[in-house]
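The structure appears right after this line, and notes come after that.
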Amino acid sequence: MALAMGMVYQGWNNTIEAMTVPHPNRPAALGGLRHLGKAERLQVEQTPYVPLHKCCNDPYWLYRIYSDTRVDVPALVDTLRDSFTANITLPLSAPVLAPDKPRNIHCNKIPDQAGDTVLSIRFDG
């Protein structure tokens, strides 16, 4: 898909666990683990990759997707440099893809128990 859009995709994984900043005290929908028993909470925290799961309520996925990552800038620059020097042949013409306009936009500021404010944006599209 990326090539069809005239882009080069270069994947990157954070392989240094110490660079991950989880938020286990947030609400469950934002990656928190307070709703889990101690054994399951420890298992989620100690599993480095998200196991196969069905969509959006999986605590392993939510915990990882809402964790922050301290970025190793030199490693990121190397990844970007590899992308720029990749020998990729792009198609002569790429389809024009544009998302639909969002409708019924609702923004809310939600304070969590850690004292952070989370911005929630919902829309139809």
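Looking at the stretch 111-122, which of the residues that are within 15 Å of G32 (Cα to Cα) and of a type outside the set (D, E, K, R) is surrounded by the most Cβ atoms within 10 Å (Cβ to Cβ)?
V118
How about the stretch 17-34: which of its residues are surrounded by 11 or more Cβ atoms within 10 Å (Cβ to Cβ), without any contact (Cβ under 8 Å) to a residue 60 or more places away in the chain and of a type outside the set (G, A, S)?
Listed by number, the residues that qualify are M19, T20, P22, P24, L33, R34.
Can you tell me which condition V8 does not meet? The list is (1) among the aliphatic types (A, V, I, L, M); (2) touching a helix residue (DSSP H, G or I) at 6+ places or on another chain (Cβ under 8 Å); (3) at pLDDT 85 or above, and all the others hold.
(3)
Take residues that are at pLDDT below 90 and tell me which of the helices (runs of 4 or more DSSP H) falling wholly in the stretch 18-90 contain 2 or more.
73-84
Go through the stretch 41-76 and count every residue that is exposed (fewer than 12 other Cβ atoms within 10 Å of the Cβ) and either of a type in the set (A, V, I, L, M, F, W, C) or at positive phi (or both).
Qualifying residue count for the region: 6.
The values are calculated or read from the model by the stated rules, or taken from the named source; none is laboratory data. Just so you know, these numbers come straight off a predicted model, no measurement behind them. In this analysis, Cβ positions are derived from the backbone assuming ideal geometry, glycine residues included, and neighbour counts consider all displayed protein chains.
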